Amino acid sequence: MNLFEEQRLVDVCSYLRSGKTITASEISTHGEYPVFGGNGCRGYTTHYNFSGDCAIIGRQGAFCGNVRYFTGNAYMTEHAIIACANNKNNTRYLSYLLSTMNLGRLSGQSAQPGLSVKYLSNVKIFIPSLNIQKKIVSVLSLLDDKIKLNNKINDNLAA
């Protein structure tokens with residue numbers, strides 16, 4: 001019995017695309033919705049172009065290929081690739097899996113490293129059943145929550 005099935009990334013996603021351009025004047029240090037680029041939160045804005053949960057994959061720059069999980073409403077820029085699992089898979093599991101794959105190694109060899117959605121779509125992954133994905137997420141998300149709490153405590157102690 002094989003616990004993992006080999007699939008292309010595009011075949012486990014309901015959504016796999018780059019975000020959209022936003023002008024610098026639309027981004028501020030305060031606002032209702034976070035703006036995510038390829039390297040994390042760039043600031044905030046008054047509108048969003050994404051709602052739900054996703055894996056955000058850095059598309060360009062020195063940290064292209066980095067992966068973070070996000071849930072909520074946000075503005076995703078053109079420097080981020082948004083990956084949402086289909087109904088047979090778990091998006092948070094997908095973000096954990098992709099974060100272990102060193103996706104930056106797949107970037108184009110130019111002065112500005114970058115990942116294309118088209119290339120990334122065809123990357124092969126080994127994925128277990130949805131039930132196993134959910135079990136793994138239940139354990140890893142508890143650890144993530146504990147890490148966040150510890151970081152908050154450390155920040156409060158430092159202040």
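The values are calculated or read from the model by the stated rules, or taken from the named source; none is laboratory data. These numbers come from a predicted model, not from an experiment. Cβ sites come from the backbone with ideal geometry, for glycine too, and all protein chains shown count toward neighbours. Ligands, DNA and RNA are stripped out before the accessible areas are found, and what is left, the full protein with its side chains, is counted by its heavy atoms. Shrake-Rupley method; radii C 1.70, N 1.55, O 1.52, S 1.80 Å.
If you scan segment 68-103, which residues turn out to be part of a loop (DSSP other than H, G, I, E, B) and in contact (Cβ under 8 Å) with a residue 40 or more places away in the chain?
Thr77, Glu78, His79, Asn86, Asn87, Lys88, Asn89, Asn90
Just to be sure before I move on: is Gly72 of a type outside the set (Phe, Trp, Tyr) and on the phi > 0 side of the Ramachandran plot in the structure I sent? In short, yes. Residue check: Val117 meets all listed conditions (1) over 13 Å from Cys13 (Cβ atoms); (2) in contact (Cβ under 8 Å) with a residue 40 or more places away in the chain; (3) under 19 Å from the mean Cα position of the chain (by Cα) but one, namely (1). Within segment 42-67, the set of residues being open to solvent by 70 Å² or more (accessible area, probe 1.4 Å) and part of a strand (DSSP E or B) comprises Arg42, Tyr44, Ser51.
Looking at this structure, is Tyr15 modelled with pLDDT of 95 or more, under 13 Å from the mean Cα position of the chain (by Cα) and surrounded by 18 or more Cβ atoms within 10 Å (Cβ to Cβ)? Judged against the criteria, Tyr15 is not a match.
Determine, yes or no, whether Phe70 is under 12 Å from the mean Cα position of the chain (by Cα) and over 20 Å from Asn122 (Cα atoms). Taking the combined requirement at face value, the residue satisfies it.
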